[in-house]
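J.: Supplied in structure tokens, the structure appears directly below.
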């Protein structure tokens, strides 16, 4: 904005030059320097009076660019806040999934132990034991996935909260 506004203001310029009329045939070098030594100096003042609104248009464009930059900044802040909120929601969801998977795994572990004891007594066959074992393994996989998902989402939220990330 200041650059665009400066083009509307008057300008003052100072110019100077040092020269001599030295030539090889007109006496010695030093005598010619003393006799034909020129020091022209010039001063000019430029006042913008009529310029087809070029400078005012530049000022108006810079005002628009400032507004656009402020809007971009506000948009970036909004997006960041949305990401932080989403990270918090993901953390809460993953903690709930972890707690649920933990309970499910413990229940399936007890059920597998009971079915295993029934197998030793001959109350059930081998196929039923293997089915319960697969259910227990699946519950264990869900538990591990929920556990590490919760850890990951916690670290992501801590990052957004500005905390140091330690693994």
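Each value in this text was obtained by applying a stated rule to the coordinates, not by laboratory testing. Please read these numbers as outputs of a predicted model, since none were measured by experiment. Cβ placement follows ideal geometry from the backbone for every residue including glycine, while neighbour counts extend to all protein chains displayed.
J.: So if R0 is 25 Å, what FRET efficiency would residue 78 and residue 159 give, r being the distance between their Cβ atoms, rounded to the nearest 0.05? Let's see the in-between values first.
T.: Numbers: r = 19 Å, r/R0 = 0.75.
Working from the Cβ atoms, E equals 0.85.
J.: Further, regarding this structure: Say R0 is 22 Å: what FRET efficiency, to the nearest 0.05, do residue 109 and residue 85 get from their beta-carbon distance? Before the final figure, lay out the partial values.
T.: Values: r = 36 Å, r/R0 = 1.65.
The formula returns an efficiency of 0.05 here.
J.: Turning to a different aspect of this structure: Give me the distance in nm between label points sitting 7 Å out from Cα along the Cα-to-Cβ direction at residue 125 and residue 145, one decimal.
T.: Going by the 7 Å Cα→Cβ label model, 3.1 nm.
J.: Can you tell me the order of 38-50, 60-72, 150-162 when each peptide is scored by its average per-residue count of other Cβ atoms within 10 angstrom, highest first? Write out the running numbers ahead of the final one.
T.: Working: 38-50: 8.5, 60-72: 11.0, 150-162: 15.1.
Final packing ranking: 150-162, 60-72, 38-50.
J.: Which entry in [x] 335; [y] 144; [z] 120 matches volume of the Cα convex hull per residue in Å³ derived from the coordinates of this structure?
T.: Only one option fits the structure, namely [x].
J.: Would you mind putting 89-99, 115-125 in packing order, based on average other-beta-carbon counts within 10 Å, highest first? Working shown, then result.
T.: Values: 89-99: 16.0, 115-125: 12.3.
Top of the packing list down: 89-99, 115-125.
J.: What's the FRET efficiency of residue 166 with residue 92 using the Cβ-Cβ distance as r and R₀ = 22 Å, to the nearest 0.05? Don't skip to the end; give the middle numbers.
T.: Working: r = 22 Å, r/R0 = 0.98.
The calculated FRET efficiency here is 0.55.
J.: Which residue fluctuates most in the GNM of the chain (Cα springs below 10 Å): 146, 15, 87?
T.: Its mean-square fluctuation being the largest, the pick is 15.
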